[in-house]
Protein chains: 2
Amino acid sequence: MKIIQSKDELSEIISQIKCSGKKIGFVPTMGYLHEGHLALMRESKKRSDVSVVSIFVNPAQFNDQKDFENYPKNTESDSEKCRNEGIDILFLPEADKFYPGGVPDIEMKIPHLMKNLCAVTRVGHFEGVLIVISNLFHIVQPDFAFFGKKDYQQYLIIKEFARSCGFGTEVSGLDTVREPDGLAMSSRNARLGQKERDSASLIPRAFRIAGDLILKGEKSPGILREIMSDVILSSPLNRIDYIEVLNPENLSGIESMKGDVLVAIAVFVGEVRLIDNMLFKIQE
Amino acid sequence: MKIIQSKDELSEIISQIKCSGKKIGFVPTMGYLHEGHLALMRESKKRSDVSVVSIFVNPAQFNDQKDFENYPKNTESDSEKCRNEGIDILFLPEADKFYPGGVPDIEMKIPHLMKNLCAVTRVGHFEGVLIVISNLFHIVQPDFAFFGKKDYQQYLIIKEFARSCGFGTEVSGLDTVREPDGLAMSSRNARLGQKERDSASLIPRAFRIAGDLILKGEKSPGILREIMSDVILSSPLNRIDYIEVLNPENLSGIESMKGDVLVAIAVFVGEVRLIDNMLFKIQE
């Protein structure tokens with residue numbers, strides 16, 4: 001596995017790979033890798049000739065400076081994990097060289113996918129994601145890029161961004177990998193103390209209860225949200241940022257649940273903000 | 001000269017060129033080519049191994065449907081001109097295949113360069129320009145791209161866009177090519193009747209008078225604008241959209257003229273909207 005810090009050096013290597021006709025798979029991450037990331041890497045390995053992982057805690061996408069500073073890091077263990085997965089290239093750009101002259105003053109939006117959820121409660125977050133994705137995609141020139149559906153809105157936005165701008169990258173979303181109690185794997189889970197971790201498990205419990213209600217024929221998004229909200233708020237450590245029941249194609253609201261339905265949740269557990277998304281298929 | 005209509009076919013050819021190590025120069029146009037475009041092509045020929053011209057009247061950048069429909073076209077004569085300049089590839093995408101599914105719903109802005117001038121009076125125009133540029137750059141993968149400084153704000157925005165997103169394309173602005181009376185070459189000039197053409201010549205006259213005033217030591221942007229405005233409005237066919245005296249680095253307003261100064265003008269001559277930009281160097 002090559003570990004590369006310089007954008008120019010990576011560009012050079014990528015050009016050679018492209019010209020050899022090999023397909024490049026790409027897993028952009030912010031590090032502190034967990035099983036969710038490893039699943040993305042395995043998919044990349046399966047579908048591509050050369051797999052590239054980047055680890056870069058992107059300052060442009062944090063609306064909260066404290067969250068940025070507290071974002072967990074462990075480059076050595078991350079490198080080891082990438083190596084074990086058979087990753088070909090690990091890109092570790094240096095923070096101050098990635099954006100020479102600072103985060104660029106550019107604003108990119110996919111309006112119809114940025115009307116709710118994290119686009120509204122984390123103002124500027126996805127704009128920052130698109131800045132880093134645009135720069136990373138131009139360096140890595142991936143044929144395929146892999147994202148987790150835990151961050152479902154991010155996945156949809158990046159997929160539409162790549163299509164709209166003509167990147168020529170196929171963006172895939174992979175199923176969320178979960179802890180035994182159902183909590184979505186997230187680098188932020190590392191910041192949970194034992195009490196917070198217990199409270200966090202109310203999120204997957206709420207999803208299970210939602211699944212049961214849907215099986216029993218519940219069709220009202222409002223009732224689903226209300227019951228899920230009650231479950232999550234049964235711990236005083238939890239504060240709900242949003243719970244939404246939406247059309248997974250375009251994130252628009254729905255009057256009644258039918259076909260495929262997305263349930264999107266963001267919860268502050270103590271000071272740690274966790275998000276999760278689950279797709280349900282409603283039987284007629 | 002290869003004439004190519006299909007994006008996929010062009011992508012294929014470009015890949016081969018890139019892998020042969022040749023440098024690609026690119027002149028994106030909306031056709032109805034004039035000497036200004038030819039000057040861009042000659043610069044591309046000088047600096048690149050392979051020169052690509054595109055002709056595509058981009059629906060995404062017209063805020064006025066009538067202006068879009070009236071935009072002059074002459075593909076046969078344009079092709080001839082490209083051939084005469086020794087252009088290697090002419091890209092003529094078909095309108096309905098360039099944006100399959102319609103103009104994408106994406107909004108890209110360079111906020112600090114889009115606070116005035118055409119960004120304000122032609123709402124949505126530059127957003128549409130950036131959509132087409134992003135798509136074209138991804139297909140053509142140019143090492144160099146050439147734009148006229150007649151559209152100075154557009155040039156600055158595209159240059160900053162390419163840098164911010166990491167396109168790896170060097171964006172150059174070339175001096176405006178002018179008619180004998182000083183009117184900037186523009187495809188839209190073809191739409192001027194004789195009376196309008198006479199009125200349009202007041203724009204370069206206003207620039208000449210501005211140059212004289214500056215030589216005589218005038219330092220006030222306000223006085224310059226006022227006098228230029230009087231000159232242009234001496235024809236009743238002219239209606240001023242804007243006249244601004246700005247810092248050419250970042251398009252911000254200035255209190256007093258010193259160093260390099262940009263004078264930016266947009267005028268409706270009858271129904272035809274013309275723009276022009278001129279840089280002045282102020283002697284201390």
**Message:** Which of the numbered conditions does A:Glu160 fail, given that it passes all the others? Conditions: (1) surrounded by fewer than 16 Cβ atoms within 10 Å (Cβ to Cβ); (2) within 20 Å of the chain's Cα centre (by Cα).
**Reply:** (1)
**Prompt:** Within the set of pairs 6 or more residues apart or between chains, which connect a residue that is within 9 Å of another protein chain (Cβ to nearest Cβ) inside segment B:1-26 to a residue that is of a type in the set (Phe, Trp, Tyr) and surrounded by 12 or more Cβ atoms within 10 Å (Cβ to Cβ) with Cβ atoms less than 8 Å apart?
**Reply:** B:Lys7/B:Phe98
**Prompt:** If you take the residues in segment B:182-207 that are of a type in the set (S, T, N, Q) and in contact (Cβ under 8 Å) with a residue 40 or more places away in the chain, which one is surrounded by the most Cβ atoms within 10 Å (Cβ to Cβ)?
**Reply:** B:Ser186
**Request:** Would you check which residues across segment A:116-134 are under 16 Å from A:Phe26 (Cβ atoms) and either of a type in the set (Ser, Thr, Tyr) or surrounded by fewer than 20 Cβ atoms within 10 Å (Cβ to Cβ) (or both) and list them?
**Result:** A:Ser134
**Message:** Is it the case, given these coordinates, that B:Pro93 is farther than 30 Å from B:Val245 by Cβ, out of contact with any helix residue (DSSP H, G or I) (no Cβ under 6 Å at 6 or more places or on another chain) and buried (at least 23 other Cβ atoms within 10 Å of the Cβ)?
**Reply:** no
**Prompt:** Somewhere in segment B:73-92, is a residue aromatic (Phe, Trp, Tyr), within 14 Å of chain A (Cβ to nearest Cβ) and part of a loop (DSSP other than H, G, I, E, B)?
**Reply:** no
**Test set (1) within 14 Å of chain A (Cβ to nearest Cβ); (2) exposed (fewer than 14 other Cβ atoms within 10 Å of the Cβ); (3) in a helix (DSSP H, G or I) - B:Ala60 fails condition number** = (2)
**Item:** Checklist (1) more than 16 Å from A:Pro142 (Cα to Cα); (2) over 16 Å from the mean Cα position of the chain (by Cα); (3) in a loop (DSSP other than H, G, I, E, B); (4) of a type outside the set (Ser, Thr, Tyr) applied to A:Lys22, failing item
**Value:** (1)
**Request:** For segment B:222-231, state whether one or more residues are touching a residue at least 24 places away in the same chain (Cβ under 8 Å), under 25 Å from B:Val123 (Cα atoms) and out of contact with any helix residue (DSSP H, G or I) (no Cβ under 6 Å at 6 or more places or on another chain).
**Result:** no
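Read-outs: derived from the displayed coordinates by stated rules, not from any lab. Source: prediction; values computed, not measured. FYI the Cβ positions are ideal-geometry reconstructions off the backbone, even for glycines, and counts take in every protein chain you see.
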